[in-house]
Protein chains: 2
Amino acid sequence: MVITSSTSREGAITSSVIVDTANSDYAKLRSLALSAVTLKGGFWEPRLTQMREVTLRQQWDQCESTGRIDNFRRASGRKPGEFQGRYFNDSDVYKWLEAASYALAVEHDTSLEEVVDDLIQEIAAAQSPNGYLNTYFTFERESERWADLTNKHEMYCAGHFIQAAVAHNRATGKRGALEVAIRLADHLCVTFGPRARQGTDGHEEIELALVELYRATGNRRYLDQAVFFLDMRGLTPPLVGGLPYHQDHLPVRHQREVVGHAVRVTYLAIAMADVYFETGDIDLWEAVQAQWRSAYERKAYVTGGLGARWLGEAFGPDYELPNQRAYSETCAAIGGFMWNWRMLLVTGEPRYADWMETALYNGILSGLSLNGREYFYQNPLADDGAHRRQPWFGTACCPPNVARLLLSLPGYLYSTSQDALWVHHYAAGELRFSSGNHSGVLSVKTEYPWDGRITLTLVSYQGAAGESTLHLRVPGWCSSPRVTINGAALVGSEPGTYAAVRREWKAGDVVEIDLPMTVRHVRSHPFVASNYGRIALARGPLVYCLEGVDHPDVDLRDIRVPATTDFHAEQDPDVLGGVYVVRGRAYTRGPVEWGGQLYAWGQPSRSSEEVVMERTLSLAAVPYFAWANREPGQMQVWIRDEQTS
Amino acid sequence: MVITSSTSREGAITSSVIVDTANSDYAKLRSLALSAVTLKGGFWEPRLTQMREVTLRQQWDQCESTGRIDNFRRASGRKPGEFQGRYFNDSDVYKWLEAASYALAVEHDTSLEEVVDDLIQEIAAAQSPNGYLNTYFTFERESERWADLTNKHEMYCAGHFIQAAVAHNRATGKRGALEVAIRLADHLCVTFGPRARQGTDGHEEIELALVELYRATGNRRYLDQAVFFLDMRGLTPPLVGGLPYHQDHLPVRHQREVVGHAVRVTYLAIAMADVYFETGDIDLWEAVQAQWRSAYERKAYVTGGLGARWLGEAFGPDYELPNQRAYSETCAAIGGFMWNWRMLLVTGEPRYADWMETALYNGILSGLSLNGREYFYQNPLADDGAHRRQPWFGTACCPPNVARLLLSLPGYLYSTSQDALWVHHYAAGELRFSSGNHSGVLSVKTEYPWDGRITLTLVSYQGAAGESTLHLRVPGWCSSPRVTINGAALVGSEPGTYAAVRREWKAGDVVEIDLPMTVRHVRSHPFVASNYGRIALARGPLVYCLEGVDHPDVDLRDIRVPATTDFHAEQDPDVLGGVYVVRGRAYTRGPVEWGGQLYAWGQPSRSSEEVVMERTLSLAAVPYFAWANREPGQMQVWIRDEQTS
C-alpha cells in the first residue's frame, strides 16, 4: 500500500486537500483529498450532514439578512443602498464560501452549487478593474483603500477570499473564483513589495492564503509575497506603533512567545509553518516551534482553547487561564487546530495530533449548538448560566469558521508519506485511495470518541509487491493501548506515539485498535492559579463538565471530588441526544462558616452545622462541547478537589 | 468631655472637615476639623510631611509640564496654544487644589498659598460669564458643551472643582474659589433639572460635590440638584443606551449590586449616602447598604482594592478576584475609603472603619512609592516584576487622589456624637478639642500600625460636670484586645466593636489599648477561585506579600506554607526604610514532574528527583503597600498552602 496525494500543481484537477504539501520538500506528510474520505455513521457523519443541511443554510440566511451579500451587490452597482455592518464583513462571506466548497467536494448538491456560483459572480462583479476587492472601500470610501493597514483588515479579507477561491477550485475544478483571487493577489503584489509600498495587515491571514495560492497555481510570486508580508512585521519600534497586539513588536523570526490577539497569533504561526514547508527557512521553523511551546505548554486551555483575555481577545502571560472569565474564542481554537495540522505535516509528531483532537472535540465543537444553528464566540470553562449561544454576531467570524473547519474535517484524518499511510484521527467511514500502482479501500468502524475500539479493514487492495507502513495514532491520553493485526498483538504501542505496522498488506487484513477510555482526573500545572486544588474530568479526547441542570439544589462551587472517586461512563440516550455521561460520587461542603465574610483567619472552625451541610451526591458530568444546550445554569469544568482549606 | 464639631453653615469660619455632618439629622457621628488634629511622629507624620514637601510639588510640576495649568491660561485667553491632553484633565488640577487646601488647613505655607491663590485666579478667569467651566470645551469646542454627557466628563470635572472649592474655603476662609463654584453650580442648576434639560453625567462626582456645596452654603438648591442627578440614572433602557458601566441600567434606588466602572460605583454610593444624611431617604439608604454588601462581602480584594477587571476598570461578578490580573485602581480603593466613611458616620458601625483601615494601609498606600514621587494606577496582588510605579499618567486621576486622601487623613481619625468622642483610627499626635463648655487636649502615642499598643492621655481638660463616652475602635482583626483606664482593665472589649469607656473624665486620665498583632493566615471565601488553596499573611491592619528580592533563586509560585508555620514580625531597619518584616519557615516544591506539560493525569508520581527539589526556606514577607520599591521581581500576596495536588 503506497499512497501519495494528487497534486493540484501538476494535474488539471485536483481534489480538495487541506494544505497541499504535494510539492513541499520540508513536509514529512502529504495531505489527502477530502473526496477520498467518506464518513459513515459514528460520531461525525450525522454532524457533517447537519452542517450541510442546516448550518450552511442558516449561515447563508444570516449573511443575506444582515446585508453581507448585499454589500457585494452594492459594490458591483447592482443594488443601491448603504454598506451594511462592519468593515470586515466580507470575510464572513468568504469563510462561508470556503465551507460550502468543502461541502461540494464531498457531496453533489445542485442547489448549493447554484448559490455558490451566483455568489462567486457577485464577488467577481464587485472586484475593481485593478483587482482590488473589498465592498467596504467602494464609492465614498474608495479613497481610503490601503490607508489604514493596521486596523482595517483589507488584506485579512483578501486572504479569506483567496483561501475560499483555492478551496472552490480544488473542490469543483471551476476557475471563476480562482481567477478573481489571482487578480486580487496580483494587485497586492503590485501594490506592496520590496520595490513598492512597505507594509502589511494588522490581522494576519493574507500570508497563509498566498502560500496556498502558490501551491494551487505554482506561481512563486505569491510565496515571495507571503514572505514579504511576514517580514514586514516588527519593523516599527513598539513605542512608535508596532504593538504585540498585532504581533508587530518584533520581527517574526524573533517572536518566541505568543502575545496579543490570539486568532492573529495562530494565523501568523500557520503562515510561518507554511512558508517553512516550501522554503526550508529554518529560522521561521525554530520561531514557530518556540511559539508552539509558548502556546501549548503554558497558555492553552485544557479544551484546546486559546486566548485567556477578553481585553484584546488576547493571550495573557504564562499560566493566566481564568475559567469563568476565559475568552477562548472559537476562532482561536480553530486557528490552533490548523496550526497543529501544519506542525504535524512537517514532523509527524503525535503531540500535534493530540492537540488537534483536544481542540476539535472540546474548544471548537463547543462553539456550535447541538441543533447546528447557534454559536459561541467565547468558550468559558465555568459559567453562572448567563453565557448562551447566539444565532449570529455583529462580528461573525466564528460561525463560518466552525463551518469551514468541520466541513473540511475529512481532509484532516489521514496523510501519507513514502510507503506509508497515517491515521491521525479515528472516524467511522471509508478511505478510498488510488495512486500509482496502489489502490484500495480502507474501512473504519468505530464509535470514537465515545468508545476507544476501532476496526480498520482493508476491504480491497491492488498494489505492487513490497512492504508498507500503517501509522496509527495512539493518543497521549490512553495509558493501555492495544493493537492487533489479524488478531495478533502488535508489540510496543505506547501512549502518545504512532504505532507503526509495517507489512505486506493484502485485501481482508484487519487491524483492531483498543484505546481504553477510563475517566481521568486531570490536573493543571500548579502555576495555573485558577485550577489550583481542582481537577477536570476527561474521558478519551473529551473534557467533561458539570451542569447545574443535572445537579438541582446544589451550588456547583460547593462540590468536592475525593481523590479516590471512581468514575464510570455510560451512554444515556436521554441526555443531550445520547452522550456518554460520566458518573461518580462526590460531596458538597457549603461555605456555611463564611456567612457574609469574604476573608477570615484563624483555624477554620468546622462547626456541627457545617458537618451537617456536608452531604454526598451523585455527580453526572457531560461532555464540555455539549454544555449550554439545555436550560441555563451553572457550569464548571474544574471541580474542587478534596482539600482542607 | 463633650465635643461637637464646628459648623460652616452657622459660623463665619469654619474649619476643614471631611464631610460636614453638623446639620445632618440622619448621621450618628459628626466630623471633626483637620485643624483640630496634629500628627506627631509615628507612622503618619513623616508621610504627611513628605506629601506636602515632595508629592504636592512633584504633582504641581507634572500639572504644569503636561499643560494642565496652561489649559486654564489658554481658556482665559491669557496664553495661546492648543488644549493639551485629555478632555478630563481639569479634574486632576482640581484634585490637586483640594489636596493643597488640606495641606493649608494644617500648616501655614506661604509659597504654597501663593501657588494656590494664583491657580484659583486662573480658574476663575477661565470661567465663562454664564458660569460654565471646562477648559476643553472652549473656543473651537464651545458648541459641544453638554453635548455628550455620557462620555465627556463635564459634570465630573465640575464636581471635582466644587469639592476643591469647598475644601479651600473651609481651610482658608477665602471665598474666591467658592464663588466660582457657586456660579458653576448655579449654571448647572439652570441648565439641568426637572423643568430644564433632563440628563446627568456618565461619570458620577457632581452629585456628592453638590451635597457638600449645600452643606457649605446652606443653599438647598444644590441638594435638590444632587437628588435630581441621581434620579436621572437608569431612565434609559439598557438596550437603548443605559449601561451598567455607568450605573445607568437601573434607577439608583433599585441598584443593589455594584456593577461597571468601580470608581464610578464608589462615587455614586458616596452621593447616595450623602443624600441620605440630609434627607433621610430610606430607599437610597437601603440601596446603598445592599451595594456595600455586594462590594465588600463579594467583590473586594483583601487589600481593600475594588474593581477586578481591566476591561472597563470594572467590577466583575461575585468572587471574581484575579491576583496578577487585578485592576484594583488606586482611585477605587480611595473611593471605597470615602464611601465607608459615610457609612460609618451614619451608623457608627465598626465594620466600615475596618474596611477604611484595610484600604488605607494596603490598596491606597500601595498607590504611592516610598519616595513620594511615583504612583500605581493598578494595584495587582501578584506580579512577575513588570508592574512598576510611574511618575505620572496620561490619565492621571490616581496621583492627586492619593494626595487629597492622605492630606485629609487627620479628618478621618475622630468623630463626635452626643456626649461622646470616637477614635476610629490610631495615629500618633494630638487632638485639640474645644466646644461649648468642654475643651482640652488628647494626646495619642503609638507606633500603629507596626505595634498595637496605643496610649491616650487627656493632657488637659476643662469641662462641665457629668459623664461622657470615649468610643475606641477594636479592629476586627484583633482577637485579644485589652483596654485599661488609669491601669484598670475595661471589661468586655470585643474584636470588631467600639469599646465604650463612659466616665467623668479629668485631666491626666490615661487610656491604654493593647491590640496584639499576631501574624494571621488569611483565607478567602472558597468561591474566590484565584485564592483557593492559598493564604495571605497579615499583621494588624497590614496585608503582607512576598517579593522576589527577598527570596533569591526561588520562584515564589513554588513556595508552600505549612499550616503549622509560626510567623513572627520584627522591625528591620535595613528593609524598605524600616518596616516590620514577617518571617517564618516554609518550603518549596518545584513543578519538576510537569516538564513541559500543562495538564497531566493519573497519580502524581512524587519522584526522588522531586523530593530532592523540596527544600525549606526562610520566608520574609513585607507590607504590601511597600512592594515594588526595590528592584523589579516577582510579588505574591496569596501563597500556596500545604496541599497534595
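The values are calculated or read from the model by the stated rules, or taken from the named source; none is laboratory data. Keep in mind that what you see is a predicted model, and the values were worked out from it rather than measured. Positions of Cβ are generated from backbone atoms using ideal geometry, with glycine treated the same way; all protein chains shown enter the neighbour counts. Heavy atoms of the whole protein, side chains included, go into the accessibility calculation; ligands, DNA and RNA do not. Shrake-Rupley method; radii C 1.70, N 1.55, O 1.52, S 1.80 Å.
Below is a table of values for the structure above.
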| item | result |
| --- | --- |
| For the pair A and B, total buried accessible area rounded to nearest 100 Å², probe 1.4 Å | 4700 Å² |
| Selection from A:193, A:124, A:370, by position along the positive dipole direction of chain A (Cβ) | A:193 |
| Length-normalised contact order for region A:33-218 - Cα pairs under 8 Å, 6+ apart - percent | 23 percent |
| Largest to smallest accessible area among B:494, B:430 [probe 1.4 Å] | B:494, B:430 |
| 7 Å along Cα→Cβ, label-point gaps from residue B:564 to other copies, nm, shortest first | 2.4 |
| Simple Cβ-charge dipole of region B:33-218, Lys/Arg +1 and Asp/Glu -1, about Cα centre, in debye nearest 20 | 260 debye |
| Sequence of B:261, B:254 when ordered by accessible area, the most exposed leading, probe 1.4 angstrom | B:254, B:261 |
| Selection from A:499, A:530, B:164, by position along the positive dipole direction of the protein assembly as shown (Cβ) | A:499 |
| Within the protein assembly as shown: Cβ-based charge dipole about Cα centre, in debye rounded to nearest 20 (Lys, Arg +1; Asp, Glu -1) | 120 debye |
| For residue B:374, net neighbour charge (Lys/Arg +1, Asp/Glu -1) across residues whose Cβ lies under 12 Å away | +3 |
| Cα extents of region B:416-514 along the three principal axes, largest first (Å) | 38, 25, 24 |
| Other copies of residue B:61: label-to-label distances in nm, shortest first, labels 7 Å along the beta-carbon direction | 6.8 |
| Heavy atoms of residue A:512 accessible to a 1.4 Å probe, total area in Å² rounded to 10 | 90 Å² |
| Charge-dipole axis of the protein assembly as shown as Lys and Arg at +1 and Asp and Glu at -1 on Cβ define it, positive-most pick from B:479, A:54, B:345 | B:479 |
| Value of D in µm² per second that Stokes-Einstein yields for chain A, Kirkwood Rh from Cα pairs, at 25 °C (0.890 mPa s) | 96 µm²/s |
| Shielding of B:322-328 by partner chains, average beta-carbon count, 10 Å | 3 |
| D_trans [Stokes-Einstein, Kirkwood Rh over alpha-carbon pairs] for region A:33-218, 37 °C, 0.692 mPa s, µm² s⁻¹ | 192 µm²/s |
| Position residue B:391, label points 7 Å along Cα→Cβ, spacing to each other copy in nm (shortest first, one decimal) | 5.8 |
| Largest-first principal axis extents, alpha carbons of the protein assembly as shown, Å | 117, 69, 53 |
| Cα-based Rg and Dmax for region B:519-641, where Dmax is the largest Cα-Cα distance (Å) | 15.4, 49 |
| Distance in nm between pseudo-label sites at residue A:125 and residue B:614 (7 Å out along the Cβ direction from Cα) | 7.5 nm |
| Region A:519-641 - percent relative contact order, Cα under 8 Å, separation 6 or more | 37 percent |
| Cα-projected label distance for residue B:78 with residue A:86, points at 7 Å along beta-carbon direction, nm | 4.8 nm |
| Total charge dipole magnitude, region A:519-641, about the Cα centre, Cβ charges on Lys, Arg, Asp, Glu only, Debye to nearest 20 | 480 debye |
